[in-house]
1. What percent do you get for the relative contact order of segment B:112-240 when only Cα pairs under 8 Å and 6+ apart count?
2. Could you work out, residue by residue across A:46-58, how many beta carbons of other chains sit within 10 Å of that residue's beta carbon, and then give the average as an integer?
3. Taking Rh as the Kirkwood radius, which is the inverse of the mean 1/r over Cα pairs, what is the Rg/Rh value for segment B:266-373?
4. Using the beta-carbon distance between residue B:300 and residue B:20 and R0 = 35 Å, what value does 1/(1 + (r/R0)^6) give for FRET efficiency, to the nearest 0.05?
5. Given a Förster distance of 41 Å, report the FRET efficiency between residue B:6 and residue B:117 from their Cβ-Cβ distance, rounded to the nearest 0.05.
6. How big is segment A:44-181 in terms of Cα radius of gyration and Dmax, in angstroms?
7. Extension gain residue B:344-residue B:380, at 0.36 nm per residue separation less the Cα-Cα distance, in nm?
8. When ranked by the protection proxy of mean other Cβ atoms within 10 Å per residue, highest first, what sequence do the peptides A:122-133, B:384-395 form?
Ligand code: SF4
Ligand code: SF4
Ligand code: SF4
Ligand code: SF4
């Protein structure tokens, strides 16, 4: 370089060089990442529970960043047995099968039981009361048809950049899904 | 124990004309929110740039800060944010199966492009974190130069670790240790919120501790802004060296005119610079080796590695109570050999990225040392554009309007 001796010119040269390097770097990183961008409909942006993996460990209730977890129980009525003796409704060691609180599996009383016709009972979840503890899901999977399942309610979920439940989920059940799969129902597989 | 559908009880034949209840569920329109977020980002950046360059006024920037804390902070819960977007972009770089959404990409690149053009106008008030710290700032106690210099390496170290953990798909450290998100969401991990509150209390007395000594995105913007095309100026006229602006800067970015005040002779100075230059590659190698050495320990944060530890411990001496992780492992029909392979893959990735991270850390420490020992005479008060966040606070202090 001929202007090596002149500090002003040298400084100007380095300044230009810096601009070129920074600009080039931004273009390179930008172009490379832009190539990885997935179009909105296809991108996996929604956190959801894979109910085939979930073991109802209870961490969904406690690990969400929301004061009350964005995870709630849902009920696939179409595959429910409408049992009188519901494994998700009563505790396994319930002494008497009445609706006294100590016999209920659900700690918040979010499961409503309604007589339909002999011998069937309909169970519905009051999602405003449910806290996502998964106790009923466990009961139903063990003794019933497995028609209860946990879901991340997308209208409650903040869509954290990293779901804090996903990081503690023992079964790796929480993953990101696309818009079409934002809910997975048990009776529509 | 099966978690799948089982047909222990047949589907009832209802005779009373019973209708199955419908699912009630909703999927929010994420796309719409993305568009709104990016639009707000662009508008706020535009306002700050206009205020700092055309109007030379602090007021609009203050307004932007309030809007940003309100909208990006409290209303949107601090997500998506540019700082965290580093992780998504980094992960998408090495793992094409990972979905990088357009909004996250734009949140990553737009402030960088603005920084290349105008300096850190994003930091001035568009970033809810910077804005929040600025809004509570009252007094600026200056931190001594060597201390500030040493602390300013932390963002790079944080960045290096963030990249390791994101690229191995282990954790998003920035999201986990985000000090202000708990405040924005009014809930979360107590320790992290406490840290956020401490930072806020500190920012009352010294400007933006998070931005200066922690923020990894700030580190990137710092680098880019040094080369920015347009630069804010304390005064459009000539500096008369009155020293009035010096203490107004919240991030200590204003450098006073400087004669050769050190006791060092030029020859000593040159010798020092040469010594640092020789030390630089050595430092890089040393840091790389050290990081490579601790890589297996770092890998223990990865769920696959942890699971491997749990399962081997369980198989060595089965206990009565199974950890839920181990229970899930067996119920998914996985076996130890397959887990071993995937664990080893994770550990080798950790080794690779940790080595690179070590090189980066060594480079940054070496360059900081060099930067601090390179002394160049200044006749006026000048802005250090790496640090300046274009907040426009100094403009008002200058009598040369
Ligand atoms: S943390 Fe995982 S395993 Fe536990 S209840 Fe939630 S989804 Fe199921
Ligand atoms: S993404 Fe966040 S809000 Fe949604 S379920 Fe996970 S922790 Fe809760
Ligand atoms: S340095 Fe980081 S936290 Fe501070 S304003 Fe800039 S991006 Fe935000
Ligand atoms: S605009 Fe002035 S006061 Fe604000 S950060 Fe830059 S130099 Fe400091």
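1. 45
2. Shielding by partners across A:46-58 averages 3.
3. The Rg/Rh ratio comes out at 1.30.
4. 0.15
5. Calculated value: 0.10.
6. So, for segment A:44-181, Rg and Dmax equal 15.2, 49 Å respectively.
7. Length gained between residue B:344 and residue B:380: 7.2 nm.
8. Put in order of decreasing packing, that is B:384-395, A:122-133.
None of the figures in this text is laboratory data; all of them are computed from the coordinates on show. Quick caveat, the model's predicted, so the values are computed rather than measured. Cβ sites come from the backbone with ideal geometry, for glycine too, and all protein chains shown count toward neighbours.
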